[in-house]
1. Hey, any hits in region 55-65 for a residue that's touching a Ser or Thr at 6+ places or on another chain (Cβ under 6 Å), over 27 Å from TYR5 (Cβ atoms) and hydroxyl-bearing (Ser, Thr, Tyr)?
2. Give all pairs with beta carbons closer than 7 Å in which a residue from region 37-51 that is part of a loop (DSSP other than H, G, I, E, B) meets a residue that is modelled with pLDDT of 95 or more and not β-branched (Val, Ile, Thr); count only pairs at least 6 apart in sequence or on separate chains.
3. Among what's in region 85-103 and is part of a strand (DSSP E or B) and touching a helix residue (DSSP H, G or I) at 6+ places or on another chain (Cβ under 9 Å), pick the residue that is modelled with the lowest pLDDT.
4. When the residues of region 38-78 are filtered to those that are in contact with a strand residue (DSSP E or B) (Cβ under 6 Å, 6 or more places away or on another chain) and of a type in the set (Ser, Thr, Tyr), which remaining residue is farthest from GLU105 (Cα to Cα)?
5. Which condition breaks for ASN99 when tested against (1) under 30 Å from VAL3 (Cα atoms); (2) over 12 Å from the mean Cα position of the chain (by Cα)?
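The values are calculated or read from the model by the stated rules, or taken from the named source; none is laboratory data. Here the structure is a predicted model, which means the values were calculated and not measured. Neighbour counts are summed over all protein chains in view; Cβ atoms, including those assigned to glycine, are modelled from backbone coordinates with ideal geometry.
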Amino acid sequence: MRVVYIANDGTQFDDGFDCEDYEWKLNHPRIVDIKFYDEFNNELFDPFSEKTYVETQTIIVPDDETAEQLRDLGYYTGFCCYEDITSAGKWVFNSDGFNGTYYKEEADD
């Protein structure tokens, strides 16, 4: 016997989690517009990756709709620090060694 998971658009998966992730991404298409950077300013490309979450020091969010989708990603994945990001802009991670939060970096005028 073989179990097949079928997404709403007909795409088939052997794994239920892969199917769920695929559908989540379909419903949050702007997540790919967010830029994640590590401490050396290297871009990180997989927002679903725990490695990306742990290594990200700067997040560039192009607009408020995308910020909302990033917070949704935080709820979906458990990446709770994304809850700090409430609007478009450049967000920088600040850690006290154990805990941390993102703060919005204000543009120079």
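1. Scanning region 55-65, I find no residue that is touching a Ser or Thr at 6+ places or on another chain (Cβ under 6 Å), over 27 Å from TYR5 (Cβ atoms) and hydroxyl-bearing (Ser, Thr, Tyr), so the answer is no.
2. Sorted first by the residue in region 37-51, then by its partner, the pairs are ASP38/LEU44; ASP38/GLU55; ASP38/GLN57; GLU39/GLN57; PRO47/PHE36; PRO47/LEU73.
3. Looking at the filtered set, the residue picked out is GLY100.
4. Checking each candidate, the answer is THR52.
5. Every condition holds for ASN99 apart from (1).
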